[in-house]
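Each remark here refers to the structure printed beneath this line.
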Amino acid sequence: MLSCDICGETVTSEPDMKTHLLIVHMENEVICPFCKLSGVNYDEMCFHIETAHCEQNELERNFERINAIQYGTSDNRKDNTLQCRTEVNSGILSACASNHPKISAQSLPKDGTLKHKAFYSENLTESRKFLKSKEEQCDLSKIKGSIYETMYSPPECPFCGKIEDCSQDMEAHVKTKHANLLDTPLEDCDQPLYDCPMCGLICTNYRILQEHVDLHLEESNFGQGMDRIQCSRDLELAHQLQQEEDRKRRSEESRQEMEEFQKLRRQYGLDNSGGYKQQQLRNMEIEVNRGRMHPSEFHRRKADMMESLAIGIDDGKTKTSGIIEALCRYYQNAATDVKRVWFSAVVDHFHSSFGDKGWGCGYRNFQMLLSSLLQNDVYDDCLKGMSVPCIPKIQSMIEDAWKEGFDPQGASQLNNRLQGTKAWIGACEVYTLLTSLRVKCHIVDFHKATGPLGTHPRLFEWILNYYSSEREGGPKVVCTSKPPIYLQHQGHSRTVVGIEERKNRTLCLLIFDPGCPSREMQKLLKQDMEASSLKQLRKFVGNLKHKQYQIVAVEGVLSSEEKVVSI
């Protein structure tokens, strides 16, 4: 099939096309559909239209393409389309015939349709009017809307997007606002392309690329900002959790510290649970309940205790006397492995009772030391008329010494109160009490080990020097006039009454322990005393391994002036 380039008529063969051109177009006068130019041949008319009316010709071509889209997409609408186009062309023909006498029905094909494509553009106004009048009859509402929206949509600036009313205004806008872009030389038309380093988008202008990349950066900054906010929230939560954990830890530490403090208060008798009298009565009641003590014995001991507390003198029920004399006799006749032995002055042993068990060792050792001083004529002046006091009386005497100004720091640690409590006392309290009685003494502190395996050989040497002024020569057994030594270490105190020097050059202390009951100490009074009985007294270097030791050694008597100075 061949199609006519002028009117669009289709024929079956080339001879038919020549006949069509001769009859329809060559014999008729060719007239420009846009400016009514005539008197030229067909080729000249085509050149005229392409050069003088290219814009109108392009509009006509768009109109044909829209018709093809609207009418050529469905087979079942061909009949309606043909009918509508026939009516439209007929209307256009009538309008054109009235305005242009040269155009008549004779110049049209037999079917009455207008085939010359340029004729559409010449009569666009008439076509629009006719379409509006035939809109309801041919159901062309969709065709009209699509044609109008496509053909007559206002032009938009390709550079800035501004919309103008017509193409002339748009052309003026482009020439005035975007002249720099239009003046680009031809050799710059092949402008470089810019790839986005983040997403690969291709941009023709580096400014557009910069704006595009800025959007990426803003998004990235936003994401980083959200990450920082989340991180800040996480840090805040972690800080809160850490604070809560620290608070719980401090609370637990405070609770444990309070528990330890209460244990120490109970251990050192500062828990306000009563003193010597209350503990004595309570423990005797327990013995009665267990059947170990008869009720009559309970009442007899209670009466003796009340009498002792009233006069302030120890009842002597825990005292064992004559041990030093018995030891001297034993070492004279036995102990062949001992080279020499030195003893203190005569001293009585006092052990703990129901009233002070577990906390009264310091008081009992003071009683031992005082019992030796009371039997020494050197101390008659300062201790005149005294007897060995009971424990509550000793507590009262220490409080009186504090009131005189002795050891204010020790007094504050014990709340300036000992009576009615089970508070422990140590070397400082013994020193305070002796000094207040004008007994001259001093404290020696062995604050660290001086031998292997935590031993204190220097302590043994100091005690040996205290008791012996001359080691060489002399008898095997030396009974000196030196008072016993108060020995204190963590949690307990004892009294040193002598020291052995063995043939292998080792030293051994002889110690009275207030924790040793009277029945054990009385075994030392037997004539046929066995060596095993001395085991509870003997303490070698390897037996004393506490970290620190303190001793209180008596040296003589203080004058009244020296007592004031010592305060």
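Of everything in region 282-309 that's touching a residue at least 24 places away in the same chain (Cβ under 8 Å) and of a type in the set (A, V, I, L, M), which residue is nearest to residue 390 (Cα to Cα)?
309
Just to be sure, is residue 478 open to solvent by less than 40 Å² (accessible area, probe 1.4 Å), of a type in the set (A, V, I, L, M, F, W, C) and in contact with a Leu (Cβ under 6 Å, 6 or more places away or on another chain)?
no
Which residue pairs have Cβ atoms closer than 7 Å, lie 6 or more positions apart in sequence or on different chains, and pair a first residue in region 394-410 that is farther than 22 Å from residue 277 by Cα with a second residue that is surrounded by 15 or more Cβ atoms within 10 Å (Cβ to Cβ) and charged (D, E, K, R)?
Filtered contacts from region 394-410: 410/429.
Give the residue that is surrounded by the fewest Cβ atoms within 10 Å (Cβ to Cβ), with candidates limited to residues of region 365-392 that are in contact (Cβ under 8 Å) with a residue 24 or more places away in the chain and out of contact with any helix residue (DSSP H, G or I) (no Cβ under 8 Å at 6 or more places or on another chain).
So, considering only residues that are in contact (Cβ under 8 Å) with a residue 24 or more places away in the chain and out of contact with any helix residue (DSSP H, G or I) (no Cβ under 8 Å at 6 or more places or on another chain), the one surrounded by the fewest Cβ atoms within 10 Å (Cβ to Cβ) is 381.
In this structure, is residue 405 more than 26 Å from residue 320 (Cα to Cα), touching a Gly at 6+ places or on another chain (Cβ under 8 Å) and open to solvent by 10 Å² or more (accessible area, probe 1.4 Å)?
When the stated conditions are applied, residue 405 does not pass them.
Do you know which residues across region 400-457 are basic (Lys, Arg), farther than 29 Å from residue 509 by Cβ and part of a loop (DSSP other than H, G, I, E, B)?
The one that is basic (Lys, Arg), farther than 29 Å from residue 509 by Cβ and part of a loop (DSSP other than H, G, I, E, B): 417.
Would region 236-255 turn up any residue that is closer than 30 Å to residue 417 by Cα, part of a helix (DSSP H, G or I) and either in contact with a helix residue (DSSP H, G or I) (Cβ under 9 Å, 6 or more places away or on another chain) or of a type in the set (A, V, I, L, M, F, W, C) (or both)?
no
The values are calculated or read from the model by the stated rules, or taken from the named source; none is laboratory data. Model, not experiment: these values are computed from the prediction. Neighbour counts are summed over all protein chains in view; Cβ atoms, including those assigned to glycine, are modelled from backbone coordinates with ideal geometry. SASA here: full protein model, heavy atoms, side chains in, ligands and nucleic acids out. Shrake-Rupley method; radii C 1.70, N 1.55, O 1.52, S 1.80 Å.
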